[in-house]
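The values are calculated or read from the model by the stated rules, or taken from the named source; none is laboratory data. Please read these numbers as outputs of a predicted model, since none were measured by experiment. Here the Cβ positions follow ideal geometry from the backbone for every residue, glycine too, while neighbour counts run over all protein chains shown.
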Amino acid sequence: MIWKAALVALFAFVVALIALALVRPSNQPQQQSYSQSTQQNSQNDRPDQNVSESWWNALWRTTWREPINIFTAVLALATTLLVIVSIFQSGILLRADRTANRAASAAEDAANAAGQSASIAERALIAGQRAFVYVVFNRTANRDIKTGDINLWGFSVNWTNAGNTPTRNMVNHTNVRLFDEIPDEWDFPDQWSKNVPPEKRRAVPMGVAPHGSVESDKLFVDINGIEDVINGRKFLYFWGWASYNDVFPNTEIHITRFAVQIEIGGDAKTTDRISFRFNLLPRYNCADEECGREGHPAAWMPREFVE
């Protein structure tokens, strides 16, 4: 808009100059007789001199002879000043516009940085306060009521919350199984007894308080199976998972998975002369995004294995 105004002013200035130039021919008829007589006298007085007058001198003389010419000259001068002022103002406004743009860009950058800082602070707060569940392994001896002899060994995990807030919507499932040799393609399914009807094959719900723990269902292996493991005839594996939400809104569901081989040594019929070691397997031990990288994210559900 500024440059358009400057162009209009320049156009007005040119029109004024053209109008001023046309004044000379319009005054020529009124002064023709005077000019002719003056020219004759001049020729008589100076026969050897050819008088010539420049366009600018004629314009200057004509301008100050008539009032309308003076007005036209003043108008042309004012238009010239308007053009100069318009150009000067255009430069000022352009510099102001660039300064405003730089200030707006700096303000936007500052706002973005503040937003990023707030987002980082929020993530740090959630990471430091949210529930985070890990496992602690348990084993217990089960004795026959009549004889008092150990007839079963039970295995479970304590789902332990290391966070400062409780879990929400937590469910879990654990499995134990004896193998002659575990298949390489074993995908750690959810095992169910054939005695459990399909409508009851659901993960067990629970909740864990901040810095608290809850024990999973206890799974048992009879004394003969334990002795087979001690003697190297069988291999015992224990695995499971738990999924849960934290208390913060709009956060992803969390997952913790585990898989171990249980090595046993000593005498299976005693509690003071037997040892257990829970060896983590190179796969299926993960939490949250680590499980996603392994191909077992929270949304992935194991297949059912019924026997």
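Give just the number: which of (1) over 26 Å from Glu307 (Cα atoms); (2) basic (Lys, Arg); (3) surrounded by 14 or more Cβ atoms within 10 Å (Cβ to Cβ) does Arg177 not satisfy?
(1)
Would you confirm whether any residue within the range 284-302 is touching a strand residue (DSSP E or B) at 6+ places or on another chain (Cβ under 8 Å), under 24 Å from Ile150 (Cβ atoms), buried (at least 16 other Cβ atoms within 10 Å of the Cβ) and in the same structural domain as Arg168 (by TED's automatic domain parsing)?
So far as the range 284-302 goes, no, none of its residues is touching a strand residue (DSSP E or B) at 6+ places or on another chain (Cβ under 8 Å), under 24 Å from Ile150 (Cβ atoms), buried (at least 16 other Cβ atoms within 10 Å of the Cβ) and in the same structural domain as Arg168 (by TED's automatic domain parsing).
Does any residue in the range 183-201 that is surrounded by 10 or more Cβ atoms within 10 Å (Cβ to Cβ) come within less than 9 Å, Cβ to Cβ, of a residue that is among the small types (Gly, Ala, Ser) and assigned to a loop (DSSP other than H, G, I, E, B) six or more places away or on a different chain, and which pairs are these?
Partner pairs satisfying both residue conditions: Asp190/Ala203.
Examine the range 192-199 for a residue that is in contact with a Pro (Cβ under 9 Å, 6 or more places away or on another chain), in the same structural domain as Tyr284 (by TED's automatic domain parsing) and not charged (D, E, K, R), and state whether such a residue exists.
Applying the first criterion (in contact with a Pro (Cβ under 9 Å, 6 or more places away or on another chain)) to the range 192-199 yields 192.
Applying the additional criterion that residues be in the same structural domain as Tyr284 (by TED's automatic domain parsing) yields 192.
When the remaining residues are screened for being not charged (D, E, K, R), the result is 192.
Yes, the range 192-199 contains a residue that is in contact with a Pro (Cβ under 9 Å, 6 or more places away or on another chain), in the same structural domain as Tyr284 (by TED's automatic domain parsing) and not charged (D, E, K, R).
State yes or no: is Leu178 outside any loop (DSSP other than H, G, I, E, B), over 21 Å from Glu290 (Cα atoms) and touching a residue at least 60 places away in the same chain (Cβ under 8 Å)? Walk me through how you get there before you give the answer.
Numbers: outside any loop (DSSP other than H, G, I, E, B): yes; over 21 Å from Glu290 (Cα atoms): yes; touching a residue at least 60 places away in the same chain (Cβ under 8 Å): no.
So Leu178 fails the test.
As an exercise: evaluate Glu289 against (1) modelled with pLDDT under 95; (2) on the phi > 0 side of the Ramachandran plot and give the number of the one condition it does not meet.
Of (1) modelled with pLDDT under 95; (2) on the phi > 0 side of the Ramachandran plot, only one is false for Glu289: (2).
Can you pull out every residue in the range 231-258 that is over 25 Å from Ser193 (Cβ atoms), of a type outside the set (S, T, N, Q) and in contact (Cβ under 8 Å) with a residue 24 or more places away in the chain?
Taking the range 231-258 as the starting set, the residues that turn out to be over 25 Å from Ser193 (Cβ atoms) are 231-232, 244-254.
Among the residues that remain, those that are also of a type outside the set (S, T, N, Q) are: 232, 244, 246-249, 252-254.
Matches in the range 231-258: Tyr244, Asp246, Val247, Phe248, Glu252, Ile253, His254.
Just to verify a result, which residue in the range 217-263, among those that are at pLDDT below 95, out of contact with any strand residue (DSSP E or B) (no Cβ under 8 Å at 6 or more places or on another chain) and not hydrophobic (A, V, I, L, M, F, W, C), is surrounded by the fewest Cβ atoms within 10 Å (Cβ to Cβ)?
Looking at residues that are at pLDDT below 95, out of contact with any strand residue (DSSP E or B) (no Cβ under 8 Å at 6 or more places or on another chain) and not hydrophobic (A, V, I, L, M, F, W, C), I get Asn250.
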